[in-house]
1. Could you list, in sequence order, the residues of region 37-67 that are within 17 Å of CYS22 (Cβ to Cβ), among the small types (Gly, Ala, Ser) and surrounded by fewer than 16 Cβ atoms within 10 Å (Cβ to Cβ)?
2. Considering only residues that are over 24 Å from ASP84 (Cα atoms) and in a strand (DSSP E or B), which ones fall in region 27-56?
3. Mind counting the residues in region 68-83 that are of a type in the set (Asp, Glu) and either open to solvent by 60 Å² or more (accessible area, probe 1.4 Å) or in contact with a Ser or Thr (Cβ under 7 Å, 6 or more places away or on another chain) (or both)?
4. Given the conditions (1) out of contact with any Leu (no Cβ under 9 Å at 6 or more places or on another chain); (2) acidic (Asp, Glu); (3) open to solvent by less than 50 Å² (accessible area, probe 1.4 Å), and given that GLU6 satisfies all but one, which numbered condition is not satisfied?
5. State all residues of region 84-103 that are open to solvent by less than 60 Å² (accessible area, probe 1.4 Å), part of a loop (DSSP other than H, G, I, E, B) and modelled with pLDDT of 95 or more; if no residue qualifies, say none.
6. Is one or more of the residues making up region 70-78 farther than 17 Å from GLY8 by Cα and touching a strand residue (DSSP E or B) at 6+ places or on another chain (Cβ under 7 Å)?
7. (1) within 28 Å of SER125 (Cα to Cα); (2) part of a strand (DSSP E or B): which one isn't true of VAL24, the others all being true?
8. Can you go through SER17, SER27 and tell me which one is at pLDDT below 90 and among the hydroxyl-bearing types (Ser, Thr, Tyr)?
Amino acid sequence: QVLLVESGGGSVQSGNSLRLSCAVSGSKYRNFCMGWTRQAPGKEREAVAAIDYGGATAYADSVRGRFSISQDDAKNTLYLEMNDLKPEDTAMYFCAAGDTQWPASWLLLHQPFNSWGQGTQVTVSS
């Protein structure tokens, strides 16, 4: 099984930044597509960023230009750099992994992930 361990959530003011980390173990990191999803109270789950096997990335319109997904193969870690945070970014954020070889844009749209982390709360105050 793939194990995902998240860290980096917290409470910040609007305009500040946070970096979420997701440590991956259980299989070869390079063999998995990965992404970040979020869910706020009263809202449907939203995929905000994805990275495919080849390293291409895709972002939801709501975070494009502010968030950046990246991976460090040496550390087996996935990151989500979140800049210029806004109150509407407040949500529970989940690291996710899958074994498909779809392009990043398809990962974002269809969310074909079968493993998730425990979730990390991000709260942004105005």
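The values are calculated or read from the model by the stated rules, or taken from the named source; none is laboratory data. For clarity, every value in this text was computed on a predicted model and none was experimentally measured. Cβ placement follows ideal geometry from the backbone for every residue including glycine, while neighbour counts extend to all protein chains displayed. Side chains are part of the model used for accessible areas, which takes the heavy atoms of the whole protein and leaves out ligands, DNA and RNA. Shrake-Rupley method; radii C 1.70, N 1.55, O 1.52, S 1.80 Å.
1. Listed by number, the list holds a single entry, GLY55.
2. CYS33
3. Total meeting the criteria: 2.
4. (1)
5. Listed by number, the residues that qualify are LEU85, THR90.
6. no
7. Going through (1) within 28 Å of SER125 (Cα to Cα); (2) part of a strand (DSSP E or B) one by one, VAL24 breaks only (1).
8. Only one candidate qualifies: SER27.
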